[in-house]
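Laboratory data are not the source of any read-out in this text; all were calculated from the coordinates shown. Keep in mind it's a predicted model, so treat the numbers as computed, not measured. Note: ideal-geometry Cβ built from the backbone for every residue, glycine included; neighbour counts use all protein chains shown.
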């Protein structure tokens, strides 16, 4: 048994203007490689286009999901991948984020009814994707240490009774850069677990 490694191009964009990121994403979607982008953004509310009319103050994007908030304390993990099966791809993304959260002594769970990761009724990560011509766009936002006062001016993803929380708010003092290193290793492992092939030597 030999591993056939899925090549992933990891890029750390640092803090980037959200609109500039969207332009970069459109460029990368046209390519053939798999790109994993880490980024943070200046404070911004964004909303999926299907719910844009309900949130005129938010920036509209072509992803699934409702309204959310990003800032310098939110680690964005963008997957611009070749995707043959969106459900299978999403399962691997979800497993990657689940494995990341297993590093911390918190009772964090994934809720498939209202997609995201939670501690009780407190949301700590959101997922939102779009698939076009066999390519994925957008990704995952992980709440490392965002401004929760600003975030909680809305209900995350427009979910009643849900508030945003963060790793810092739950007592986990981890930096954005430390989180990136952990995630990079986990994502490599999870996506390559699915690429094993048998070979005759």
Which count do you get for residues in segment 115-126 that are surrounded by 14 or more Cβ atoms within 10 Å (Cβ to Cβ) and out of contact with any helix residue (DSSP H, G or I) (no Cβ under 7 Å at 6 or more places or on another chain)? 5
What number of residues within segment 10-31 are surrounded by fewer than 14 Cβ atoms within 10 Å (Cβ to Cβ) and in a loop (DSSP other than H, G, I, E, B)? 3
How many of the residues in segment 36-51 are crowded, with 16+ Cβ neighbours inside 10 Å and either under 22 Å from residue 81 (Cα atoms) or without any contact (Cβ under 8 Å) to a residue 40 or more places away in the chain (or both)? 9
Selection count where residues are touching a strand residue (DSSP E or B) at 6+ places or on another chain (Cβ under 8 Å) and farther than 19 Å from residue 173 by Cβ, scope segment 93-116: 9
Residues in segment 32-69 that are in a strand (DSSP E or B) and within 27 Å of residue 134 (Cβ to Cβ) total 13
(1) surrounded by fewer than 16 Cβ atoms within 10 Å (Cβ to Cβ); (2) in contact with a strand residue (DSSP E or B) (Cβ under 7 Å, 6 or more places away or on another chain); (3) over 30 Å from residue 52 (Cβ atoms) all hold for residue 150 apart from (3)
Matching residues, segment 58-82, being under 21 Å from residue 182 (Cα atoms) and buried (at least 17 other Cβ atoms within 10 Å of the Cβ): 70, 71, 73, 74, 75, 76, 77, 78, 79, 80, 81
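Mind checking which residues of segment 70-93 are more than 26 Å from residue 166 (Cβ to Cβ) and not in a helix (DSSP H, G or I)?
Scanning segment 70-93 gives 81, 82, 83, 84, 85.
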